[in-house]
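As C-alpha cells, the structure follows; a few thoughts come after it.
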Amino acid sequence: MEFVYNLLAFLHFVGWAIVLGGYLVSLRSPGLYRGVFHGALAALVGGVGMVGVAEASGMWDDGGPDMAKIAVKLTFALVIAVLAFVAKRQGAKGDNGTGAVAPGVKHAIGALTLVNIVVAVFWN
Ligand code: HEM
C-alpha cells in the first residue's frame with residue numbers, strides 16, 4: 001500500500017508542478033499553457049487518492065495530517081480546477097488552443113496554487 005501511496009504522491013507533485021510551471025511560462029503571453037487543466041486534475045486525483053489509501057490501510061492511525069488542512073487544500077484545489085477549465089475554454093477560442101485568457105482567471109490560478117503550497121508546507 002505504501003507503494004501506491006507514493007505513486008499517488010508522485011502524481012500529486014507532478015500535477016502541481018505542471019499547474020505552477022504552466023502558469024509561470026505563460027506569464028508573458030496572453031494565453032495559458034494548455035496542460036494546466038490536466039495538471040490540476042492529476043494533482044486532485046493524486047491528493048484525494050492519497051487520503052483514501054492512507055485512511056483505508058491504516059497508515060495514518062497514529063496521526064496523519066490535520067483534516068482541516070486537507071479540507072482547505074481540497075476547497076482551493078477545486079476552485080483552481082474550475083478556473084483552469086474556464087481558462088482552457090477561453091484559450092480554445094484562439095488559434096491552436098493558445099488564445100487569450102482573462103488575466104484575472106490566469107493570475108488567480110497561479111496565486112491560489114502558491115497559497116496552497118504555503119498551506120501544505122507550513123500547516124502540520
Ligand atoms: C493547490 C492545491 C494543492 C497543493 C499546492 C498541494 C501541495 C502539497 C504539498 C507541497 C505537499 C507536501 C507537504 C509536506 O510534505 O510538507 C502535499 C502533501 C499532501 N497533499 Fe496536497 N496539495 C494540494 C491539494 C491537495 C488536495 C486537494 C488533497 C486531497 C484532498 C491533498 C492531499 C495531500 C496529502 C494527503 C499530502 C501528504 C500528507 C501531508 O503532508 O499533508 N492535497 N500537498
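Observations
- Test: residue in the stretch 7-14 that is open to solvent by 40 Å² or more (accessible area, probe 1.4 Å), closer than 26 Å to Thr98 by Cβ and touching a Ser or Thr at 6+ places or on another chain (Cβ under 8 Å): no
- Every condition in (1) in a loop (DSSP other than H, G, I, E, B); (2) within 19 Å of Val19 (Cα to Cα) is met by Phe85 except one, and the failing one is (1).
- Filtered residue count, the stretch 72-113, keeping only those that are near the ligand (Cβ under 8 Å from one of its atoms) and of a type in the set (A, V, I, L, M): 5
- For the stretch 41-70, filtered to residues that are of a type in the set (A, V, I, L, M) and more than 8 Å from the ligand (Cβ to nearest atom), the residue that is farthest from Asn6 (Cα to Cα) is Ala68.
The values are calculated or read from the model by the stated rules, or taken from the named source; none is laboratory data. Values in this document were obtained by computation on a predicted structure and should not be read as measured data. In this analysis, Cβ positions are derived from the backbone assuming ideal geometry, glycine residues included, and neighbour counts consider all displayed protein chains. Accessible surface areas use protein heavy atoms only, side chains included; no ligands, DNA or RNA. Shrake-Rupley method; radii C 1.70, N 1.55, O 1.52, S 1.80 Å.
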